[in-house]
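Notes follow once the structure below has been shown.
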Amino acid sequence: MALGLLAFAADSVEGMAGQVVITLVSSGFAWGTAALLMGRTAADRRGAVVDATVLLTSATLVYYLLILVLSRRWSGGMLFDGSPADWHGLRSVALMTAAWLVVSAVAGPSFGLLGHLTRTARTPTAALAAGAACGLLSGQAWQHFPTPWLPGAVLPLVVLAWLATVHRLWRAWPVLLGATVAATTLSALFWEGLRLAELRLAG
């Protein structure tokens, strides 16, 4: 609920401050980190997957419910022929909710499992998981390569440094680096594809 509420509140912050707030509470980095930490603290692998998935799914539902009920930014528009665009707006909200629920169903188990592995697996596997998590968290910022959104590109590295230090993963630095680069590339491509899909749905 906190994730959904914070993301909804971030939408009202404008300018550069708004970009920073969105990065911290309403981005792939913010939600992915929350799911990663949920998985890292889970008692077992199943709990990591379920808890992280429930977290992202619940946050998505809260966010879009607030848009539907409170902001109502889907209503009040007009089509070219002068007719109300409310139905079009509701359809867009429904489609985006469904799309992000699908993303949550994939990202939740992924981040939950990666978080669990960073704490419980042997060093090479834990380093692979930490690097992959960092890359996935970085992807949205690197979507605009070669000029990424700097806070979104740097903060995942802070998370990686913390995981590597706490779990003593630095000795497997080639694995950390390789997994980070590979996952960042794949994640950036995913976010670009998602952006294009959103434009098509919104249109």
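The values are calculated or read from the model by the stated rules, or taken from the named source; none is laboratory data. Everything numeric in this text was worked out from a predicted model, so none of it was measured. No Cβ is skipped: glycine too gets one built from the backbone with ideal geometry, and neighbour counts run over all protein chains shown. Calculation scope for accessible area: heavy atoms of the full protein, side chains included, ligands and nucleic acids excluded. Shrake-Rupley method; radii C 1.70, N 1.55, O 1.52, S 1.80 Å.
Miscellaneous remarks
- GNM flexibility winner over the chain from Ala43, Ala141, Ala179 (Cα, springs under 10 Å): Ala43
- Accessible area in square angstrom per residue, the chain, 1.4 angstrom probe: 54
- Close amide H partners of Asp11, meaning residues 5 or more places away or on another chain with modelled amide H under 5 Å apart, do not exist here.
- Rg(Cα)/(2.2 N^0.38 Å) for segment 122-203, N = residue count: 1.20
- Here the Debye sum runs over all C-alpha atoms of segment 83-134 as equal scatterers in vacuum, and log10 of I(q)/I(0) at q = 0.22, 0.27, 0.30 Å⁻¹ comes out as -0.76, -0.91, -1.00.
- For the chain, average projected area of the Cα convex hull in nm²: 11.8
- Percent accessible area from carbon and sulfur atoms, the chain, protein chains only, probe 1.4 Å: 71
- The length gained by stretching the chain between Arg122 and Ala94 to full extension, at 0.36 nm per residue less their Cα-Cα distance, is 5.8 nm.
- FRET efficiency for Arg45 and Leu65, using Cβ-Cβ distance with R0 set to 35 Å, rounded to 0.05: 0.70
- For the pair Val106 and Ser12, the difference between a 0.36 nm per residue extended length and the Cα-Cα distance amounts to 31.0 nm.
- The residue list Ala172, Thr33, Gly4 was ranked by how far each Cα lies along the charge dipole of the chain toward its positive end, using unit charges on Cβ atoms, and Ala172 comes out on top.
- A helix-only calculation puts the chain at -26000 deg cm²/dmol for mean residue ellipticity at 222 nm, using -39500 (n - 2.57) for each DSSP H run of at least four residues, averaged over all residues.
- Net charge dipole, the chain: roughly 680 debye, given to the nearest 20, about the Cα centre with Cβ charges of +1 for Lys and Arg and -1 for Asp and Glu.
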